[in-house]
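A.B. asks: I am attaching a structure below and will ask some questions about it afterwards.
Where a number appears in this text, it was derived from the coordinates with a stated rule and is not lab data. Keep in mind that what you see is a predicted model, and the values were worked out from it rather than measured. Quick reminder, even Gly has a Cβ in these numbers, built from the backbone with ideal geometry, and neighbours come from all protein chains shown.
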Amino acid sequence: MNWNERDIPAQQGRVAVVTGANTGLGFETARALADHGATVVLAVRDVGKGKQAAARMTGDVTVQELDLTSLDSIRAAAADLHATYPGIDLLINNAGVMYPPRQTTRDGFELQFGTNHLGHFAFTGLVLDLLLPVSGSRVVTVSSVAHRIRAAIGFDDLQSERSYSRVAAYGQSKLANLMFTYELQRRLTRHDTTIAVAAHPGLANTDLMRNLPAALRVISPVLGPLVSQKPEMGALPSLRAATDAAVLGGQYYGPDGLGGYRGHPQVVASSPESYDVAVQQRLWAVSENLTGVRFPV
């Protein structure tokens, strides 16, 4: 019942691309996959930090520059992967930003929505043709319990130009991750090779927490140790979604204990809003228009 790294099956012969893999959850996810034999690509914004992370791992690990705040960088990274690999078995959309002051990406998108959702949407669309021919391939996208907190897809102000709440913007981006996964899986049902799955780490103690609002920074030293967990535990839902033979397309994996904040990975439910098919499809169309990326499914 307590699924852990020892339950990861052998990954020899599989190619895994993990975004944001130089630190935190991404690092632990990539490390575990490499430990089990996968060829792992650390897709990171800072190549120097990526190389430092790769040096701490064993196995076949390489670094690919990928800045999810830039559509030009996303297209360049996708082109590099096409030139290097005939196929990809696992794409793990892990990178993200959380609760920054309002900023924009290089393409003018609000930073959290632009990085967490639009960047991964575009990257997935540009490399999906490398996954579709590979039997058993998976797209795993990392969401958050925060998809329930002040979260809605605000189509009338997607980029938070009229008003900005760092909490609401993060919640919107994480809700978008789930809606993207569910709509992608619906489109993938026409194929028998690739599935889309979502995961969340619970409350993991990583660098992502550095922009917590002041009120939460005050109480986090007290409550954090009680409810949070180490990054290697937080990575387990992504690893199970990526490797467990029993995983089905469209499932959502998260910790099994303490309100979903910590524990071992199991199938969990997301918010009622996340299952709204009409909103999923509208978000997909808007995302295609904003990024200029069309999927081959």
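A.B. asks: Using packing as a proxy for protection, rank 16-28, 238-250 so that the peptide with the highest average count of other Cβ atoms within 10 Å comes first. Mind showing how you got there, number by number?
C.D. replies: Values: 16-28: 26.8, 238-250: 19.8.
Taking the mean over residues of other Cβ atoms within 10 Å, the ranking is 16-28, 238-250.
A.B. asks: Work out which helices of the chain, taken as complete DSSP H runs, extend at least 27 Å along their axis over the Cα atoms and score a mean Kyte-Doolittle of -0.5 or more, then list them.
C.D. replies: 166-188
A.B. asks: Can you give the Rg to Rh ratio for region 73-161, taking only C-alpha atoms and Rh from Kirkwood? Please list the in-between numbers first.
C.D. replies: Working: Rg = 14.9 Å, Rh = 14.6 Å.
Radius of gyration over Kirkwood radius for region 73-161 works out to 1.02.
A.B. asks: With the Cα gyration tensor of the chain giving a ≥ b ≥ c as the square roots of its eigenvalues, does the rule (a/c under 1.5 for rounded; else a/b larger than b/c for prolate; else oblate) give rounded, prolate or oblate? List each step's numbers first, then the result.
C.D. replies: Numbers: a/c = 1.29, a/b = 1.09, b/c = 1.19.
Rounded is the answer for the chain, as its axis ratio a/c remains below 1.5.
A.B. asks: Measure out, as a whole number of angstrom, how far apart the alpha-carbon centroids of region 239-297 and region 139-170 sit.
C.D. replies: 15 Å
A.B. asks: In nanometres, what is the gap between the two model label sites at Ala246 and Lys230, each 7 Å from Cα along Cα-to-Cβ?
C.D. replies: That separation, rounded to one decimal, is 2.5 nm.
A.B. asks: Among Gln185, Gly13, Leu25, whose Cα lies farthest out toward the positive end of the dipole of region 8-291, if unit charges sit on the beta carbon of Lys, Arg (+1) and Asp, Glu (-1)?
C.D. replies: Leu25
A.B. asks: About the Cα centre of region 8-291, what is the dipole size in debye to 20, counting +1 per Lys and Arg Cβ and -1 per Asp and Glu Cβ, all else neutral? Before the final figure, lay out the partial values.
C.D. replies: Values: 24 positive and 24 negative charges, 117 e Å.
It comes to approximately 560 debye.
A.B. asks: Could I ask something else about it? Can you give the extra length, in nm with one decimal, that the chain gains between Gln12 and Lys51 once fully stretched, where that is 0.36 nm per residue apart less the Cα-Cα distance? Let's see the in-between values first.
C.D. replies: Values: separation 39, 0.36 × 39 = 14.04 nm, distance 2.19 nm.
11.8 nm is the gain from fully extending Gln12 to Lys51.
A.B. asks: Quickly rank 101-108, 73-80 as a protection proxy: mean count of other C-beta atoms within 10 Å, highest first. Intermediate results must be reported in sequence, preceding the final value.
C.D. replies: Numbers: 101-108: 14.0, 73-80: 18.5.
Sorting 101-108, 73-80 by mean packing, highest first, produces 73-80, 101-108.
A.B. asks: If you don't mind, there's one more thing I want to ask. With an 8 Å cut-off on Cα pairs and a minimum separation of 6 or more residues, tell me the relative contact order of the chain in percent. Spell out each step's value before the answer.
C.D. replies: Numbers: 620 pairs, mean separation 54.6, N = 297.
Here the relative contact order equals 18 percent.
A.B. asks: Can you give the charge dipole size of region 1-159 about its Cα centre, rounded to the nearest 20 debye, using +1 on the beta carbon of Lys and Arg and -1 on the beta carbon of Asp and Glu? Display every interim value, and only then the final one.
C.D. replies: Numbers: 13 positive and 16 negative charges, 64 e Å.
Value, rounded to 20: 300 debye.
A.B. asks: What nm distance separates the two modelled labels at Val297 and Glu161, each placed 7 Å from Cα along Cα→Cβ?
C.D. replies: It works out to 3.2 nm between the two label points.
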